[in-house]
Every structure is written in structure tokens, then in C-alpha cells.
1. Which longest run of the chain has no exposed loop site in it, a site being trypsin sites (Lys or Arg not before Pro) in a DSSP loop with at most 16 other beta carbons within 10 Å, and the site itself not part of the run?
2. Give me the lysines in straight-line cross-link reach of Lys14: C-alpha distance below 27 Å, same-chain residues under 8 apart excluded.
3. Just subtract the alpha-carbon distance of Arg88 and Leu23 from 0.36 nm times their residue separation and send over the number in nm, one decimal.
4. What are the GluC sites (Glu not before Pro) within the range 24-91 that DSSP puts in a loop, where the Cβ has at most 10 other Cβ atoms within 10 Å?
5. For Arg51 and Asn31, compute 0.36 nm times the residue count separating them, minus their Cα-Cα distance, and round to one decimal in nm.
6. Let me make sure I get this right: for the chain, a, b and c are the square roots of the gyration tensor eigenvalues over alpha carbons, sorted descending. Under 1.5 in a/c it's rounded, otherwise prolate if a/b > b/c, else oblate. Which is it?
7. Using a basic spin-label model with each label point 7 Å from the Cα along Cα→Cβ, how many nm lie between Arg42 and Arg80?
8. As a test of the formula, what do you get for the chain when each DSSP H run with n ≥ 4 contributes -39,500 (n - 2.57) and the sum is divided by the residue count, at 222 nm and rounded to the nearest 500 deg cm²/dmol?
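Derivation of every value follows stated rules applied to the coordinates shown; laboratory data play no part. Here the structure is a predicted model, which means the values were calculated and not measured. When we count neighbours, we look across all protein chains shown, and the Cβ atoms used for this are built from the backbone with ideal geometry, even at glycine.
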Amino acid sequence: MSRSYDSIEGDIAKARDDLATTLDEIIDRVNPKNLATEGKERATAALKDPRVLAVLGGIATLVVGGITVSMVNKRKERQRIEAYLAARRAL
């Protein structure tokens, strides 16, 4: 059974409309403004998760602790150098 010209033309028109709709959806998805909005929403939602907050708190504690240890070590090193220089001057 052969299809009529009108039937084939209708199928082509439907396929063209479907393709246009698909392209519009793709363009909407890859729009930088939409991507930025989606990323912001996902980041905001992730930051409300208690597990994420706990991890960020732990990281902040490690950073502050590392800075504190570094400062204490530098202060001790400076004191040792000053003591050494004072001892050398006393000679």
C-alpha cells in the first residue's frame, strides 16, 4: 500500500515541527543565563544540606588551625633567631 503525497507531506511537516521544538529546548538549556541560574539554584540547595555545612565547617577549622600553627612556628623561629643574634652580639 503506497502512501499519498499529502500523508508524506504531513509526516515531513510534523517531523519539522518536532525538530524545531527540540532545537528550541536545546537552545534554552544551553543558554548561559539559564545555566547560571540553574547552577546558582543547585549551589544554594547544596549549601543548605547539613552534611555539606559540616564538611565546610571542618575545612574552615583546618584552614584556621593551619594558619595558627604556621604563625606560632614563625614566631618561635623569629625568637630563636633573635636569641641567636643576641648571643652572637654578646660574644
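1. Longest run free of exposed loop sites: 4-47.
2. none
3. Here the segment from Arg88 to Leu23 would lengthen by 15.4 nm.
4. For GluC sites (Glu not before Pro) across the range 24-91 that sit outside H, G, I, E and B with at most 10 neighbouring Cβ atoms in 10 Å, the list is empty.
5. Result: 4.1 nm gained on full extension.
6. Because a/c hits 1.5 or more and a/b exceeds b/c, the chain counts as prolate.
7. For the pair Arg42/Arg80, the computed spacing is 4.8 nm.
8. Taken over the chain, the calculation gives -32000 deg cm²/dmol.
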